[in-house]
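First up is the structure itself, then whatever we jot down about it.
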Amino acid sequence: MDEIKNFEDFYTIRIQPSLEELNHDESAASNWKRFTYFTAIGMVTCFLLYYVKLLPIGHILAVAMLIMCIVGVYFSARYSDRYTDNFKEKIIGPIITYIYPSAIYKPMGFVSKKEYKSSGLFRRRFTHFDGDDYWESVYNGLSFHCSEVKSWVEDAAGVSYIFKGLFFCARINPSFTGGTYLWAKGNSQLPSSMADEHYRMFPLPQVQRVNTGHEAFNRYYSVYTTSVEEASLILSYHMMDHILLIREKLDREMVLSFVNGKCYIAVPFEENLLEPPRKGLRDKEEIKDYFLTILLVFNIINRLELNRLT
C-alpha cells in the first residue's frame, strides 16, 4: 500500500482492476430485470387478448409467461445480491481498509439497537430497525465503530422514518457516568405528556437544561444533561464551534450525546450511503463520494478532538 499516495492512485491501483468483473455482474442483474419486466408485460397482454377472444391460446401463453417471469424474479434477485456483495467486497472494503488499515468491515452488520437506544438521540419507539456497512477501528487512541442505521414506525397510518443515516459510537473517558444530550433546536427528545413518556418514548434519566453561553450554538442546539459539571468538562467552546462548522459544511442536523463514557453522533442522510451507484461504476466521482463519506468519520474525530475526552 506504500505506493498509494492519494485517491487517484488508489482508484487506479485498487478499483480499476475490479471494474470489469463488477460491470459484468451489474449487466447480468440489469438484463434479468429487463427480462422480468417484459415477460410480465407479455403475460398481461396475452391474458387480455385471451379475455377479449382475440387469442384463443392466450391463457396458455400467459401461464408460460408467468413461469418465465417467476424465473426472472429469482435470477434478478440472485444477480442483484451478488453484484451488491461483490461491490462491497471489492470497492467499499478496500476504501475503508486503505483509510484505516486496521479497520474491521462487516457489510451486513450495523450498530446495535441497544446502543441506538442508549444514545438518547432518538427516543421514539420504533417498530423496525435495520442497517448495514458496519466498520470499526482505532484512531488516535480512540476506539470507535459506525454504520448506516434506519429506524422507523410502520402502522395503520403508514411508514414514518425516525432516523436514517450514519450512526457513530466512540469510547471516551469511562469516568463520565452521566448523560449529556445535544438535540436539534425544536426537536428536543422530551415528552409532551405522560402518555408520551410511558408509551411512545424510550426511558431517559432525569435531565436539566444547560445554558452553554454560546449564542450561535444555542440557535441550533438544545443541551440537556444529568450532570452540569460533567457537561461543562465535555462541551468546550472549541468543540461547540467545530460542531457548528461541521453542521454547516454538511448542511445536516447532526446530533450528539455523551452517555456513560461513550460519544454518539448521528448524521442524517436520505440517500443510501455505501450502495452501488446508479450512474454506473465507471463514474469515478461516485467512487470518490464513498471515499469522502468514510473520511467524514475521520474528520469528525479530528475536528471535535474526541481523543481529548479519552
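Structure values in brief
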{"item": "Pair list, Cβ < 6 Å and 6+ apart or interchain, from region 195-221 residues that are among the aromatic types (Phe, Trp, Tyr) to residues that are buried (at least 18 other Cβ atoms within 10 Å of the Cβ)", "result": "202/117; 202/123; 217/240; 221/182"}
{"item": "So residue 42, is it in contact (Cβ under 8 Å) with a residue 12 or more places away in the chain, part of a helix (DSSP H, G or I) and under 24 Å from residue 281 (Cα atoms)", "result": "no"}
{"item": "Positions within region 120-143 being of a type in the set (D, E, K, R) and either in contact (Cβ under 8 Å) with a residue 40 or more places away in the chain or farther than 23 Å from residue 104 by Cα (or both), in sequence order", "result": "123, 124, 125, 132, 133"}
{"item": "Region 95-119 - residue that is assigned to a loop (DSSP other than H, G, I, E, B) and within 18 Å of the chain's Cα centre (by Cα) and, of those, nearest to residue 202 (Cα to Cα)", "result": "112"}
{"item": "In region 283-304, the residues that are in contact with a strand residue (DSSP E or B) (Cβ under 9 Å, 6 or more places away or on another chain) and within 28 Å of residue 26 (Cβ to Cβ)", "result": "293, 294, 296, 297"}
{"item": "From the options 160, 137, residue that is more than 22 Å from residue 299 (Cα to Cα) and either assigned by TED's automatic domain parsing to the domain that holds residue 232 or touching a Pro at 6+ places or on another chain (Cβ under 7 Å) (or both)", "result": "160"}
{"item": "Check on residue 300, assigned to a helix (DSSP H, G or I), in contact (Cβ under 8 Å) with a residue 12 or more places away in the chain and of a type outside the set (D, E, K, R)", "result": "yes"}
{"item": "Sole exception among (1) in contact with a helix residue (DSSP H, G or I) (Cβ under 7 Å, 6 or more places away or on another chain); (2) over 30 Å from residue 286 (Cα atoms) for residue 67, by number", "result": "(1)"}
{"item": "Members of region 1-37 that are more than 21 Å from residue 95 (Cβ to Cβ) and surrounded by 14 or more Cβ atoms within 10 Å (Cβ to Cβ)", "result": "28, 29, 30, 31, 32, 33, 35, 36"}
{"item": "Filter pass, residue 201 being in contact with a strand residue (DSSP E or B) (Cβ under 9 Å, 6 or more places away or on another chain) and at pLDDT below 90", "result": "yes"}
{"item": "Candidates 161, 100, filtered to the one that is hydroxyl-bearing (Ser, Thr, Tyr) and either in contact with an Asp or Glu (Cβ under 8 Å, 6 or more places away or on another chain) or in contact (Cβ under 8 Å) with a residue 12 or more places away in the chain (or both)", "result": "100"}
{"item": "Qualifying residue in region 74-87 (condition: closer than 30 Å to residue 8 by Cα, in contact with a Phe, Trp or Tyr (Cβ under 7 Å, 6 or more places away or on another chain) and among the β-branched types (Val, Ile, Thr))", "result": "no"}
{"item": "Number of the condition not met by residue 53 [criteria: (1) at positive phi; (2) touching a strand residue (DSSP E or B) at 6+ places or on another chain (Cβ under 8 Å); (3) surrounded by fewer than 20 Cβ atoms within 10 Å (Cβ to Cβ)]", "result": "(2)"}
{"item": "Leading residue by the ranking (surrounded by the most Cβ atoms within 10 Å (Cβ to Cβ)) among those in region 162-172 that are farther than 23 Å from residue 88 by Cβ and of a type outside the set (Gly, Ala, Ser)", "result": "172"}
{"item": "Residue tally, condition touching a residue at least 40 places away in the same chain (Cβ under 8 Å) and assigned to a helix (DSSP H, G or I), over region 255-292", "result": "5"}
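Condition check ((1) within 13 Å of residue 255 (Cα to Cα); (2) buried (at least 20 other Cβ atoms within 10 Å of the Cβ); (3) touching a Cys at 6+ places or on another chain (Cβ under 7 Å); (4) touching a residue at least 24 places away in the same chain (Cβ under 8 Å)) across all residues:
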{"site": "118", "(1), (2), (3), (4)": "no, no, no, yes"}
{"site": "145", "(1), (2), (3), (4)": "no, yes, yes, yes"}
{"site": "150", "(1), (2), (3), (4)": "no, no, no, no"}
{"site": "174", "(1), (2), (3), (4)": "no, no, no, yes"}
{"site": "180", "(1), (2), (3), (4)": "yes, yes, no, yes"}
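The values are calculated or read from the model by the stated rules, or taken from the named source; none is laboratory data. No experiment lies behind these values; they were computed from the predicted model shown. Cβ coordinates were reconstructed from backbone atoms using ideal geometry, including for glycine residues, and neighbour counts include every protein chain displayed.
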